[in-house]
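Each value in this text was obtained by applying a stated rule to the coordinates, not by laboratory testing. Nothing here was measured: the structure is a model prediction, and the numbers come from that model. Counting neighbours? That spans all protein chains shown, and the Cβs are built from the backbone with ideal geometry, glycine included.
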Amino acid sequence: MPLEEVIRARGHENVRAEHASTFEVTTDDYLTSAGDCILAIEADRAPADFDPDFVDACQDREATITVTIDADGYSDSVTGRGNPDLEFTSERSAVGRTSDYVDDRTIVNGAEFAAEGFDRDLVDALADGAEATVTITVD
């Protein structure tokens, strides 16, 4: 049975979702136009809050991790894989990566796409400040 973590956040007028290798959800309450990987702000949880069993499951190289973002009737999902080096210790941000790079914010490696690949209707809703639900599932 898959394990999941849910983050509630919201969009912001500066959401552009143009980054080619990462996407991010942050607990920060602001977003500058330079944050082109950030999809949502004011997240109610960060990786450090995730259940230890969920973290353990994500640390398996064979794990499939799916991140689904729902906002204002729009939804998109991106799938990647786990990594034994994933820490889930950031108290600020959750970052998905197309690469194998890992830091305390990384929640998935080898993602199919990054911020620029998310559905543009979803991105527009987030840019309008829509409430977002971010569901992270590991199989």
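The table below lists the values:
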| quantity | calculated |
| --- | --- |
| Sorted by Cβ density within 10 Å, fewest first, the residues Val108, Val102 | Val102, Val108 |
| Estimated inter-spin distance, Arg61 and Val6, nm [label 7 Å along Cα→Cβ] | 3.4 nm |
| Within region 59-99: backbone nitrogen closer than 17 Å to the Asp119 label point (7 Å, Cα to C-beta) | 66-79 |
| Restricting region 13-63 to GluC sites (Glu not before Pro) in coil, as DSSP defines it, with at most 15 other Cβ within 10 Å | Glu13, Glu18, Glu62 |
| Residue order, fewest to most beta carbons within 10 Å, for Tyr101, Tyr30 | Tyr30, Tyr101 |
